[in-house]
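The values are calculated or read from the model by the stated rules, or taken from the named source; none is laboratory data. The model shown is predicted, which means the values in this text are computed figures rather than measured ones. Note that we place each Cβ from the backbone using ideal geometry, even for glycine, and neighbour counts take in every protein chain shown. Quick note on the areas: whole protein, heavy atoms, side chains included, nothing else; ligands and nucleic acids left out. Shrake-Rupley method; radii C 1.70, N 1.55, O 1.52, S 1.80 Å.
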Amino acid sequence: MKIRVNKEERQKRLNEIVEERKQKEIIQQAIQKENEVKILLQEVFGEMELFEILDSNTTNSIVEDFSENFPIAFWNRINWKNAIVNRVELNDQGIKSIPSLLISKGFDTSIPIYIFWGYDNHPCVKTKLTEELLSNIEDIVWLGNDLYLYCPTQKYVIEFFHDDTVNIGWI
């Protein structure tokens, strides 16, 4: 006895299988990105208690909040010419002075910040702005072209752009 399945049913089932595979690939890629971040930050911090890797919904929420507060130019960097943004540009030697600079501007550097990369789907990382973090920033930037350290509660950001510029901005 032969069971006949019509062409539409076969096509529908094939589409379902393809969609299931795509979803599995998306999940596998997300897991891979999370593992890349976890391995890197364990090397930088040594202890997982010093950072938290966020899920995709929270990551999207943080990045969305950032882009709603800071004007983004079409080439995916903060539009520093916009009058609502205050800015200090630093050189590589100035990176270690970021906490004291922020404190001098009235910011509390003990409040959590979020790390995210500009051109990739790595998850956000919740941590604190520490000397240890800043002294290892080159290793962290390595995961993506551009890196942002964002404090949504105090509305400041530190941008490490791929042209080797470092900017601190606040609104």
The listed residue being aromatic (Phe, Trp, Tyr) and either touching a helix residue (DSSP H, G or I) at 6+ places or on another chain (Cβ under 7 Å) or modelled with pLDDT of 85 or more (or both), out of Phe74, Phe51
Phe51
Would you say Tyr119 is surrounded by 13 or more Cβ atoms within 10 Å (Cβ to Cβ) and under 19 Å from the mean Cα position of the chain (by Cα)?
no
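This table checks each residue for (1) modelled with pLDDT of 90 or more; (2) over 18 Å from Glu64 (Cβ atoms).
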{"site": "Asn121", "(1), (2)": "no, no"}
{"site": "Glu131", "(1), (2)": "no, yes"}
{"site": "Asp146", "(1), (2)": "no, no"}
{"site": "Tyr156", "(1), (2)": "yes, no"}
{"site": "Phe160", "(1), (2)": "yes, yes"}
{"site": "Val166", "(1), (2)": "yes, yes"}
Being open to solvent by less than 70 Å² (accessible area, probe 1.4 Å) and of a type in the set (D, E, K, R) is the filter here; which residues of the stretch 9-45 pass it?
Lys33, Glu36, Lys38
If you check Ser110 against the conditions, is it outside any helix (DSSP H, G or I) and at pLDDT 90 or above?
yes
How many of the residues in the stretch 127-159 are surrounded by fewer than 16 Cβ atoms within 10 Å (Cβ to Cβ), touching a residue at least 12 places away in the same chain (Cβ under 8 Å) and of a type in the set (Asp, Glu)?
3
Do we find that Ile84 is open to solvent by 30 Å² or more (accessible area, probe 1.4 Å), in a loop (DSSP other than H, G, I, E, B) and on the phi < 0 side of the Ramachandran plot in this structure?
yes
Before we move on, is Ile103 free of Cβ contacts under 8 Å to residues at least 60 places away in the same chain, open to solvent by 30 Å² or more (accessible area, probe 1.4 Å) and outside any loop (DSSP other than H, G, I, E, B)?
yes
Just one of (1) at pLDDT 85 or above; (2) over 30 Å from Leu147 (Cβ atoms); (3) polar (S, T, N, Q) trips up Gln11, so point out which.
(1)
Considering only the stretch 52-76, state which residues are over 13 Å from the mean Cα position of the chain (by Cα), surrounded by 14 or more Cβ atoms within 10 Å (Cβ to Cβ) and not in a helix (DSSP H, G or I).
Phe70, Pro71, Ile72
Return a yes/no flag: does the stretch 78-92 have any residue that is closer than 25 Å to Glu43 by Cβ and of a type outside the set (A, V, I, L, M).
yes
